[in-house]
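None of the figures in this text is laboratory data; all of them are computed from the coordinates on show. The structure displayed is predicted, hence computed values, not measured ones. Quick reminder, even Gly has a Cβ in these numbers, built from the backbone with ideal geometry, and neighbours come from all protein chains shown.
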Amino acid sequence: MKFKHVFTRHLHLHWLFTACILLTAACGRRSAYPDKLVQAEKIINAHPDSALSLLQTIDGQLENEPEETRMYHTMLTIKAKDKLYIPHTSDSLILPVVHFYEKYGDKARLTEAYFYLGSTYRDMNDAPRALKAFYQAAETGEKSDMNRLSGMIYGQMGSLFAYQKIYDEALRMYKISKNYYERQGDSLFYAGTLQNIARAYDGKQKKDSAEWYYKEALRIYKHLSYDKKIINISAELGCFYFDIGKKELSKSFLTEALHNHYRGSNVLSYMGHIYQDEGKIDSANYYFHEVIKNGDYRKQCYAYYCLAKLEEQQGNKQAAAQYREQYRLMQDSLNAITQSDMMEKLHLTYNYQYEEHKNYQLDRKNQIYRQYIYLLLSCLAATILLGIMATQHIRRKKQAAIEQEKRLRHVQEEKYRQSQACMEANERQIQELAQKLEEATANNDALQSQLLLSQKEMLELSNRQNLALQDNQKLLETAFHQSDIYILFHKAGNEESSIKVTEEHWKELQSALDITYSHFTDRLYALYPRLSQHELRICYLVKTGIPVKGIAWLLSRSKAAITVCRGRLYKKIHGTEGTGEKMDQFISDF
């Protein structure tokens with residue numbers, strides 16, 4: 001017995017010693033980086049171009065290095081390119097890095113990997129995936145001390161929201177970013193965030209707030225003697241002051257930017273307008289031509305439009321016609337580019353929704369498996385709970401009825417919120433508020449004016465969001481109505497058709513409906529979890545627009561049986577008697 005005890009103690013010591021060796025080896029892996037990788041890591045923030053050159057010199061020398069070294073080399077390469085504003089065109093490099101650090105468990109590196117995954121999707125104009133990656137980065141680095149990186153994460157999210165004109169959410173993100181930079185004591189990034197906040201307020205038409213943040217950012221840049229940023233914000237302030245009608249201030253800032261060799265197309269265009277307003281036609285003409293030399297395609301197009309107007313004012317009809325024709329040609333090209341961009345954005349959105357739907361289905365399957373395990377465990381305690389279940393059955397039934405009523409009321413409220421009637425009601429309120437706003441302005445009631453303006457903006461935002469949702473739904477429905485599965489079921493619903501519908505066809509129809517109508521199947525189960533396969537397929541066919549005769553043919557039932565089933569299904573969901581037509585209307589609106 002004593003021998004056994006001694007042997008066991010020695011065995012424990014042996015495993016403890018082995019674990020210490022392994023832990024020491026694991027902790028020491030990072031110190032074994034190649035010298036050039038370590039050097040690149042040190043200089044990457046200040047000199048990303050030199051860091052990138054160092055990293056590229058060891059590209060082919062890491063085959064025998066540990067996987068962690070190779071992954072970190074890849075992430076540093078992506079980081080250097082990001083700091084040099086080299087656009088990322090594919091996620092093929094960063095995804096393996098993310099997957100590695102998800103398994104490796106290094107939260108600091110994982111946070112950084114998620115950030116550069118978001119940056120990659122940002123450069124690929126895939127806003128949904130970019131936001132998801134940035135949110136993952138923010139969540140992973142939430143309790144860390146990486147204040148600068150956290151500030152950059154929230155700043156990028158703010159910019160993505162601002163690009164989509166969701167200014168309230170953009171401001172929220174920018175202010176979180178500002179707090180991180182303030183905690184870090186990073187004045188330069190702090191000032192840059194103030195400038196972004198000013199832009200967001202400008203987008204919200206809150207000019208006083210925008211002006212304050214612009215001035216504060218300029219004050220900090222001057223304190224830091226950061227000439228490049230001072231020139232940049234001076235140019236931006238010049239454009240801002242022109243838009244709010246302060247022409248003298250605008251000219252002062254724009255002139256300062258131009259004297260410092262800033263040739264941004266916005267500055268040149270605004271100077272053209274200023275000289276046009278002053279009647280200095282030659283100067284205006286010069287600056288509009290400078291826009292054509294220095295601006296992008298869209299700015300060049302606008303410059304031709306301004307030159308045409310300028311020549312018309314001077315009575316030069318031939319020159320005006322030439323400029324207008326050039327403007328028309330470029331505008332046609334821009335319209336084609338815009339249409340192409342819209343289609344690409346729609347394609348990206350559809351792909352994202354499709355992948356999210358697949359992930360959702362996988363999560364749901366895992367949840368079902370877990371429920372089975374919980375059910376088995378519950379069966380072990382069934383003998384104890386039998387007495388309690390009898391008394392609680394009625395209570396649960398009543399509660400279920402109450403919850404069902406809440407869910408149905410929520411469906412109706414959501415339907416109304418996104419309806420044309422709601423938008424028209426909002427429009428009437430907007431008109432009433434506009435009238436009250438005029439009265440408050442006339443009475444010099446600033447507080448009441450601000451309150452009314454805020455209410456009016458909220459209603460207008462609600463209407464814009466509803467319009468966007470309606471447009472997106474129309475696009476999804478159009479794609480569904482043109483899909484092969486939609487056409488197949490409509491053909492198969494004809495008694496003269498020889499098409500045989502298989503289980504795979506039903507699964508494909510379910511997937512198409514769930515994508516088009518946002519988790520259609522799961523929302524039905526949420527209303528009535530005991531929905532049978534037969535009842536579910538009736539709902540699918542009604543939503544697909546198959547007539548009752550076609551439904552009966554596809555499900556091998558009589559029309560009368562389908563009618564009775566639809567009426568029963570309405571009662572199961574609503575708790576009241578209903579007809580098949582009422583059920584059809586409910587499914588169509590669901």
* Pop out the ³J(HN,Hα) list for the range 96-102 in order, Karplus 6.51 cos²θ - 1.76 cosθ + 1.60 with θ = phi - 60°, rounded to Hz; leave Gly and Pro as x. => x, 5, 4, 4, 5, 6, 5
* Asked: So what's the gap between the Cα centers of the range 539-570 and the range 164-192, to the nearest angstrom?
  -> 56 Å
* To do: Step through the table entries K207/K280; K81/K143; K83/K293; K178/K215, compare each Cα-Cα distance with 20 Å, and write down the pairs that go over it.
  => K207/K280; K81/K143; K83/K293
* **Subset of K165/K299; K175/K222; K132/K246 violating a 29 Å alpha-carbon distance limit** => K132/K246
* **Rounded to the nearest 20 debye, dipole of the range 484-589 from Cβ charges on Lys, Arg, Asp, Glu** => 400 debye
* From phi via Karplus (6.51, -1.76, 1.60), per-residue ³J(HN,Hα) for the range 524-535 in Hz, x at Gly/Pro -> 5, 5, 5, 6, 8, x, 8, 4, 7, 4, 4, 5
* Structure fact -> For E495, the net charge from surrounding residues (Cβ-Cβ under 12 Å; K, R +1; D, E -1) works out to +2
* Structure fact -> Taking only the alpha-carbon positions of the range 71-151 as identical scatterers, the Debye log10 I(q)/I(0) at q = 0.12, 0.18, 0.19, 0.21 Å⁻¹ comes out as -0.29, -0.67, -0.75, -0.93
* Asked: From the residues I538, G550, H574, which one has its Cα farthest along the dipole of the range 454-574 in the positive direction, the dipole being from +1 and -1 charges on Cβ of Lys/Arg and Asp/Glu about the Cα centre?
  -> H574
